[in-house]
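Quick notes on the structure that follows.
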Amino acid sequence: MISSMILFLLAAFVLITSLGLGIGSVSNPQSGFMPFWISLLMLAFSLILFVTAYRNSSSRVRLADLWHKLHWQKSALAAAFLAAYIFFLPWAGYLIATSVLMIVLFRLTSMKTWTAALGAMLAVFFSYGLFSFILKTPLPRGIWGF
Amino acid sequence: MDALNGLFYGFSVAFEFHNLLLMFAGCLLGTLVGVLPGIGPVGAISILLPLTFQLPTAGAIIMLAGIYNGAMYGGSTTSILINVPGETASVMTCLDGYAMARKGQAGAALGIAVFGSFIAGTVGLIGLQLIAGPLSTLALKFGPPEYFAIILLGFTFIVYLAQRSMNKAVLMALTGITLSLIGLDPITSQQRLTFGNINLFEGLGVAPVAIGLFGLAEVLGNLEKTASAKILNVKIKNMFPDKSQWLQAKWAIVRGTVIGFFLGILPGGGPVLSTFISYGVEKRVSKHPEQFGQGAIEGVAAPESANNAAASTSFIPLMTLGIPPNVVLAVLFGAFLIHGITPGPMMMTQHPEIFWGVLASMYLGNVILLILNLPLIPLWVQILRIPDKILYPLIILFCLVGAYSINNSVFDIGVMVLFGIIGYLLKKFDFEAAPLILGFVLGPMFEVNLRRSLLMSQGSFGIFVERPIAIVALIICVILITLPIYQAIRNKYIVKR
Amino acid sequence: MDKIIDSHPEAPYTSRRVKYFHPGDMFVKNNHWLIAAIAAWMLVVIPLISTGEVRAAYPDRSIIILVGFVPGGSMDLSARALAKSAEKILGQPVIIENKPGGTGTVALAALLSQKPDGYTLCGTPSSVLIRVSQFQKVPFKPFTSFKPIIGFAEPQLGIVVKKDAPWKTLKDLVADAAKHPGKIKYATTGVGSTTQAAVDEIAAGHKLQMIHIPYKGSMEALTAVLGGHVEFASLTSELIPSVKAGQTRLLAVISEKRSPKFLDVPTLKELGYNFANDAVFAIVAPSDIDLAIAKKIEEAFAAATKSREYLDALDKINMLPVYYDGKAFDAFLRYHWKVINKNLKSTGAIKEAATLPE
């Protein structure tokens, strides 16, 4: 039900934008032509999904059940750190940002701190070497030029 | 160039030392990702895509195709030994493969999977070799209306053959098309849904989206699980199935090959679906259906043959029409574009070294995989013992670096992470990611061909009815759409009575 | 899919330790170890890579050329050809860094975020500066944000028909189009592209009515001609192999001078249309670059364009060598910006340029 509502909102947004772009005519379809029809279809199908989900609400799994007995904090934390990583990467550069991220990730998968640090070092070292020297693709540099 | 000359030429390309090496590396890597649960061929190909930048195009595609084929072989190993499919195309193999292993027939199960794969893969390649030439000549005759109709047919198949809810598949395909609308309008260059951000002018990249949905999402989903699979401690001996087992599996291999062959060509079909259908067919035609799930060798032979045949033939629509029929090929399509080549009817004439070279190397790859696979199984079993806690962070690192290095863009890492989270949530809510990525890749083609058709006909929809290929495709669409609706109504009627 | 496995009677999942994970643990326990580990790592890493900033004669380290297109495209390959020859003259590596996106504008924007020290340059087609910027609001000013260094290569633009088409010359085609208004369909590499502008110029001269079917890139447009879905196409360098293979016939080239590859084919200018290619590949620097350094780069690149190696490389990728020095290229940009602006406004593609030129 929640998913159908999110999709419904997405479709509604696209619909409104498409009107702004101009739909054009059939003989000369404009930029809004495709978004308009696709979003109308999406609206219709998300409504169907909503209705069927609502009808079967007795057999519906509750939202909390989906995460029941799972270590969802791990996934959530990993996602949060990845988001932070993107934010800091252009500033800190690949070497520092990735080292920190890898230590965190290794810790998350319940490794001991020193092994995590060692693993992170090795991983970052090898990936940096592979891309910068062998493949000649420079990885992001931070404000200090590395 | 006819099919035979082409093949000889192809072998001359495939036997070049560096191509041979790349094919070998691809097959090995593919088998590895096939073996490792949690990362499938889509993730692997998208993550490794940037590594192929420095290679000549033919070599790069040869390696990526090797990964695809290798994964089809490798996936069975984990299915049989630990009842965990290494990738989705091996799900069906679990049922009887693991049962066989528990009965002490692990060797025979692995053996029949490999031989079946080899036979089916080779047959699929012969099909590719023979059909591709005539079809690409024909494909030149395909104008915008034909392309529109065929892509619409593709969408219909994707939805019709969805493995879960059809409604959800429609929604995912539509979401994919919507995402593909981001960027400059391909016809008028007007900005759409870009919010003025120059990073979005060219739309979201296929690779970051695919790495997120199929690589990162998988790891995020697995991180929260504590349970770990136990490896069956069996002595694997006697890899060659005995004569009675051969006889039993013979027709299963043939049927699996045929099913995989045709489903591979169909848009929305592909290896995964072919395994489900061929398993179902085997169970239905069997004289002893009760043995399925208890270690019937047909239950291993049929799906393993089907997925390899499908993997080979799915190259047909990509190489001749430029339409990727399934997710892996959608990512490969991106790989071609990155190397500056647009797959389509002109590819065979303008880049014969790629078409024939890739084809020939896939023949070789099948042979190498056959030879390599059996002796290497003990090694794969060892690799399966690498603990997840090392593996998962490393996969995340690969995802990050992979997403960055395609366009050297931090923005793409953001896109990848966002789609990783979206993919994780989609799985939670029981949505499939495959229709989404296919909608995303086919979306732009769908749109421009519709709009070009209407420009050509000056707004008349008659253009789709006047052309034979287009009308046939559209009629099939209508049938496929009305069929499930009709069935639903009939079922309701019967229930009421 | 998981369902299938779970429902299997003897699913072999053995839940290991069911120890619940507490997010806080990670930082509370062994906190000092974590900090120590990070500090140690940085001690190793930082001295390893930070190169001391020593001021010496330019260039004392490698030069990066940003390219706003994917590797393997014509802009990328041309820039690589130039870079390879320029390395020998400059005595330092010249590295191509692809930053595709924004139809080439991402790389130009990225250039402006770098220090204007001459170690980061950008290779761009002039069309991104003067054509794309009129369609899209871009974060730079086409005339004033950059200092042009050199214009060095251009694609082969031309108008082709299928080999068995009835038209032998452009004049035949124009006469036929005038006789049958609204019947002739043509393909270009996209709305607002130079290839379309060329056809617009021809059509405007004779008040022709034709149907424009825009394609994405030359390859798709060429396929449309070969499949007979359009009558003619206005294409870029991809036309060369098909004309040489006899699949298509080249009616006119869209450039200032006749093409060295097709000396018997007239230019549009010779045929009386005031139009020539406005898409020239160039190297630009940020506008606040030190003028002495800019001059040094300009001289080195100019010398590089004369090398045999460079000319051979261009020939292989079907590009034509041209030469504009920084000043000439600046004039080129200013002249063509006005022409394009007039053309786009008269065809109704834009109302006003999206970015001011200065």
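The values are calculated or read from the model by the stated rules, or taken from the named source; none is laboratory data. Computed from a predicted model, the values in this text were never measured in an experiment. Here the Cβ is made from the backbone with ideal geometry for all residues, glycine too, and neighbour counts use every protein chain on show. What goes into the accessible areas is simple: the full protein's heavy atoms, side chains included, and nothing from ligands, DNA or RNA. Shrake-Rupley method; radii C 1.70, N 1.55, O 1.52, S 1.80 Å.
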Could you check how much of the accessible area of the protein assembly as shown is carbon and sulfur, as a whole percent, using a 1.4 Å probe? 65 percent
For chain B, build the charge dipole from Cβ charges (+1 Lys, Arg; -1 Asp, Glu) around the Cα centre, then report which of B:ALA249, B:GLY30, B:LEU426 sits farthest towards its positive end. B:ALA249
First obtain the Kirkwood hydrodynamic radius of region C:240-358 from its Cα pairs, then insert it into the Stokes-Einstein equation at 37 °C and 0.692 mPa s, and state the resulting D in µm² per second as a whole number. 190 µm²/s
Assuming a viscosity of 0.692 mPa s and a temperature of 37 °C, what translational diffusion coefficient in µm² per second does Stokes-Einstein assign to region B:57-116, Rh being the Kirkwood radius over Cα pairs? 277 µm²/s
Please list, short to long, the whole-number percent of alpha-carbon pairs of region C:131-198 in consecutive 10 angstrom bins beginning at zero. 14, 33, 27, 16, 11
Of C:PHE262, C:LEU250, C:LEU222, whose Cα points farthest to the positive end of the dipole of region C:209-263 (charges on the beta-carbon: +1 Lys, Arg; -1 Asp, Glu; origin at the Cα centre)? C:PHE262
Spatial separation of Cα centroids for region B:429-484 and region B:131-183, in angstrom: 6 Å
Within 10 Å of the Cβ of an average residue in B:414-424, the count of other chain Cβ atoms is 3
Show the residues, 5+ positions off or on another chain, whose built amide H is closer than 5 Å to the amide H of C:LEU268. C:VAL253, C:SER255
What is the Cα convex hull volume of region B:358-497 when expressed per residue in Å³? 307 Å³
Per residue, what volume in Å³ does the convex hull of the Cα atoms of region B:21-172 enclose? 154 Å³
The correct pair for the protein assembly as shown, radius of gyration to one decimal and Dmax as a whole number, both in Å and from Cα atoms, is 29.1, 93
Taking only protein heavy atoms into account and a 1.4 Å probe, give the accessible area per residue of chain B in Å². 34 Å²
Note the buried accessible area between B and A here, summed over both chains, with a 1.4 Å probe, in Å² to the nearest 100. 5000 Å²
Starting from the coordinates of the alpha-carbon atoms of region A:72-134, obtain the Kirkwood hydrodynamic radius over all distinct pairs and give the value in Å to one decimal. 12.1 Å
Kirkwood Rh in Å, taken over chain B so that all alpha-carbon pairs contribute: 23.0 Å
Determine the sum of side-chain charges near C:LYS327: Lys and Arg each +1, Asp and Glu each -1, restricted to other residues whose C-beta is under 12 angstrom from that of C:LYS327. 0
Find the all-direction average of the projected area of the Cα convex hull for region A:2-60, expressing the result in square nanometres with one decimal place. 3.9 nm²
Can you order the peptides C:201-207, B:106-112 by their average number of other Cβ atoms within 10 Å per residue, highest first? B:106-112, C:201-207
How crowded by other chains is B:448-457, given as the mean number of beta carbons from other chains within 10 Å of each beta carbon? 5
For region B:80-120 and region C:90-166, what is the separation of their Cα centres, given in Å? 54 Å
Applying a 10 Å radius around every beta-carbon, put C:217-227, B:328-338 in order of their mean neighbour count, most first. B:328-338, C:217-227
Cβ neighbours within 10 Å, averaged per peptide: list C:97-105, B:282-290, B:17-25 in order, most packed at the top. C:97-105, B:17-25, B:282-290
Projected area averaged over all directions for the convex hull of the alpha carbon atoms of chain A, nm², comes out at 14.9 nm²
Using protein heavy atoms only (no ligands, DNA or RNA), what is the total accessible area buried between C and B, 1.4 Å probe, nearest 100 Å²? 4200 Å²
Descending accessible area (1.4 Å probe), largest on the left, turns C:TRP167, A:TRP37, B:TRP246 into A:TRP37, B:TRP246, C:TRP167
Could you state how much accessible area is buried at the A-C interface, both sides summed, with a 1.4 Å probe, in Å² to the nearest 100? 2100 Å²
Any idea what the dipole of chain B comes to, in debye rounded to 20, about its Cα centre with Lys/Arg Cβ at +1 and Asp/Glu Cβ at -1? 1480 debye
If Lys and Arg each add +1 and Asp and Glu each add -1, what is the summed charge of the other residues whose beta carbon sits under 14 Å from the beta carbon of C:ALA204? +1
Surface accessible to a 1.4 Å probe, per residue, for the residues of region C:158-253, Å²: 37 Å²
Computed ³J(HN,Hα) along region B:307-318: with the Karplus parameters 6.51/-1.76/1.60, θ = phi - 60°, integer Hz and x for glycine or proline, the list is 5, 6, 4, 5, 4, 6, 6, 5, 6, 4, x, 5
Once all protein chains are kept in place, C:LYS185 shows an accessible area at probe 1.4 Å, nearest 10 Å², of 40 Å²
Considering only protein heavy atoms, what per residue accessible area in square angstrom results for region A:72-134 with a 1.4 angstrom probe? 42 Å²
Quick check: the distance between the Cα centres of region B:193-225 and region B:366-413, to the nearest angstrom? 19 Å
Once you have the Kirkwood Rh of region C:158-253 from its Cα pairs, apply Stokes-Einstein at 10 °C and 1.306 mPa s and quote D in µm²/s. 123 µm²/s
Past 26 Å, Cα to Cα: identify those pairs from C:LYS183/C:LYS257; C:LYS141/C:LYS295; C:LYS269/C:LYS345; C:LYS295/C:LYS342; C:LYS147/C:LYS338; C:LYS162/C:LYS351, in the order given. C:LYS183/C:LYS257; C:LYS295/C:LYS342; C:LYS162/C:LYS351
Just which residues of region B:365-397 lose 10 Å² or more accessible area with every protein chain there, against their chain alone, with the probe set to 1.4 Å? B:LYS389, B:ILE390, B:PRO393, B:LEU394, B:ILE396, B:LEU397
Rounded to the nearest 10 Å², what accessible area does B:ARG164 have for a 1.4 Å probe in the complete protein model? 80 Å²
Dipole magnitude of the protein assembly as shown, debye to nearest 20 (Cβ charges: Lys/Arg +1, Asp/Glu -1, about Cα centre): 1780 debye
